[in-house]
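Working notes, structure below.
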Amino acid sequence: MLRVVIITIAVILILKLAVSRLEPSMVFFPLSGEDDTPATLGIRYHALKLRTADGVHIAAWQLEHDAPRADIVYFHGNGGNLSLWLPVFATFHSFGYRVLAIDYRGYGSSDGSPSESGLMLDAEAAVRHAASTRHSSCPLIYWGRSLGGPVAAAAARAVAPDALVLESTFPDKASVIRWNLVFRALNVFSSYRFDTIGALRGFRKPVLVVHGDADTIIPYALGQELFERLDAPKQFVTLRGADHNDLFDARHEAYWTPLRAFIDAL
């Protein structure tokens, strides 16, 4: 019996160590450096270095606008860097929105290595900067895409925005892996939770949930589940036939029209 107990404890410790070592490489897919910047498109911007509460310096872009209609803080997904998402920021800018976007630690030219707790500190640094520099006449909106959804939700607990957009995201990490029995079992040993719903308990500002009904990365059903579990004033937009990365083409009126209407109504 003692031998069984010892072996069991050893297996648990080995699995815990293995999951903690492997999980970051399974969740985060950063690209280092920067390629194109807003200046490439003739957009006035400031390249910033924001210092987080634990002393890490993260890269950020502040796209300025002469007559902004909204201040948006954008939290991108788990892959790439700021340059990859430049078309999205440029489209926001063309609509008259001022944009602050960050590269998480370990992404782009940001310092450090990514982790769930680290991303939350990055988000807090971003929204504190946004709140201190926002235009007083403009609504402050946090926009979280995919993995950026729970990051934006956590940021809303640090500094409350006027509204929140959750795009192609999920209620929590456990919901994403619930159909995979192996990942479900290993999740017991994981420290990552990415709990969007938990972070938004008590949040009462407007929330817009956007999801493609052909999403092969984050199933459409998870977007619906997220929406149903929100307590805040909420709207849901279904993008017919859209996969996870089909959404942000500037010509995709089914995507941009409801998003602009939501923001402009604020």
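General observations
- Extension gain from R193 to D162, taking 0.36 nm per residue of separation minus the Cα-Cα distance: 8.6 nm
- Helices assigned as whole DSSP H runs in the chain whose Cα atoms extend at least 27 Å along their own long axis and whose mean Kyte-Doolittle hydropathy is -1.0 or higher are found at 2-27.
- Centre separation in Å (Cα based) which lies between segment 210-265 and segment 51-98: 20
- Candidates L2, S168, V127 compared by Cα position along the dipole of the chain: farthest toward the positive end lies L2, with charges placed on Cβ.
- Estimated [θ] at 222 nm from DSSP helical runs (n ≥ 4, -39500 (n - 2.57)) normalised by residues in the chain, nearest 500: -11500 deg cm²/dmol
- Assuming charge only on the beta carbon of Lys and Arg (+1) and of Asp and Glu (-1), the dipole of the chain about its Cα centre is about 780 debye to the nearest 20.
- Cβ crowding within 10 Å ranks Y255, Y74, Y107 as Y255, Y74, Y107, fewest other Cβ atoms first.
- When S146, S190 are arranged by Cβ crowding within 10 Å, least crowded first, meaning fewest neighbours, the order is S190, S146.
- Protection proxy ranking for 63-69, 155-161, 119-125, using the average of other Cβ atoms within 10 Å per residue and placing the highest first: 119-125, 155-161, 63-69.
- This ranking places E228, E34 by how few other beta-carbon atoms lie within 10 Å of each, fewest first, which gives E228, E34.
- Added length on full extension, which subtracts the Cα-Cα distance from 0.36 nm per residue, W179 to S132: 12.7 nm
- Using a Gaussian network model of the chain in which every pair of alpha carbons under 10 angstrom is joined by a spring, one finds that among L82, L100, L239 the greatest mean-square fluctuation is at L239.
- Selection among T52, A67, G144 by position relative to the dipole of the chain gives T52 as farthest towards the positive end (Cβ unit charges, Cα centre).
- Coil-residue trypsin sites (Lys or Arg not before Pro) of segment 213-266, DSSP, other Cβ within 10 Å capped at 11: R240, R251
- The chain - share of DSSP beta bridges that are antiparallel (%, nearest 5): 30
- Shown here: Rg and Dmax of the Cα atoms in Å, derived from the displayed model; of the candidates (i) 19.9, 61; (ii) 19.1, 73; (iii) 18.9, 58, it corresponds to (ii).
- Computed over segment 32-111, relative contact order equals 39 percent, with contacts defined as Cα pairs under 8 Å that lie 6+ residues apart.
Only the coordinates and a few stated rules stand behind these numbers; no lab work does. Everything numeric in this text was worked out from a predicted model, so none of it was measured. For neighbour counting, all protein chains shown are included, and Cβ atoms are generated from backbone atoms with ideal geometry for every residue, glycine included.
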